[in-house]
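What follows is a set of notes on a single structure, which appears directly below.
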Amino acid sequence: FLLPVIFIVLWSSAFVAGKAGVHHSTPFAFLAARFIIVALIFSGVAAGLYMWHRWHGRTKSSDAVAPHIKTASSEPILLTALVGLLLHGFYLGSTFLAMSLGLGLYVIPLAIIRHPELTDLANAPVAAILTALQIGIGLALLGRGLIAPHGAALRAAFGAAGLAVIFLRFTG
């Protein structure tokens, strides 16, 4: 319960704090200070949860019952932290820069909600290649089904596979 509440408070404070903060510092210095504060808060919460888990979560009997179970790797946590750092670095960094240049606080959310469309636009060439490849495979299977020399069952199987590939491309 505690982590979601902290997350919501920190997330929702970005625009309000950013608007006030960019008047007293550079946008990226303010972003760095914000990251340091958030990292300290979450480090404290993580340390507290770790200690609580160590004291209350494990007993000697549970360790003896399942000694073959290994502890979880920290790699997913580190990768998630890196993605978050990059994502919020660009997201909040560009937001704070726009605020410092005088862009109104009411315009910034309108630009932010366009991120999915911009991502789709940037992804369009890759999606077009994949679509063409899938349609090509479907047509090749369909064509192979039309000229299969080994009987109706094989022709039907290739034809069905080709139609399925083409159908799946256009339905999701």
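The values are calculated or read from the model by the stated rules, or taken from the named source; none is laboratory data. Only a predicted model underlies this, so the values are computations on that prediction, with no experimental measurement involved. Neighbour counts run over all protein chains shown; Cβ positions are idealised from the backbone, glycine included. To get the accessible areas, we keep the full protein, side chains included, count just its heavy atoms, and leave off ligands, DNA and RNA. Shrake-Rupley method; radii C 1.70, N 1.55, O 1.52, S 1.80 Å.
Miscellaneous remarks
- Loop-resident chymotrypsin sites (Phe, Trp or Tyr not before Pro) (DSSP state other than H, G, I, E or B) in the range 89-138 with no more than 16 further Cβ atoms inside 10 Å of their Cβ: 106.
- Of the chymotrypsin sites (Phe, Trp or Tyr not before Pro) found in the range 1-61, those that fall in a DSSP loop while having at most 10 other beta-carbon atoms within 10 Å are 1.
- Listed residues 24, 88 arranged by accessible area, highest first, probe 1.4 Å: 24, 88
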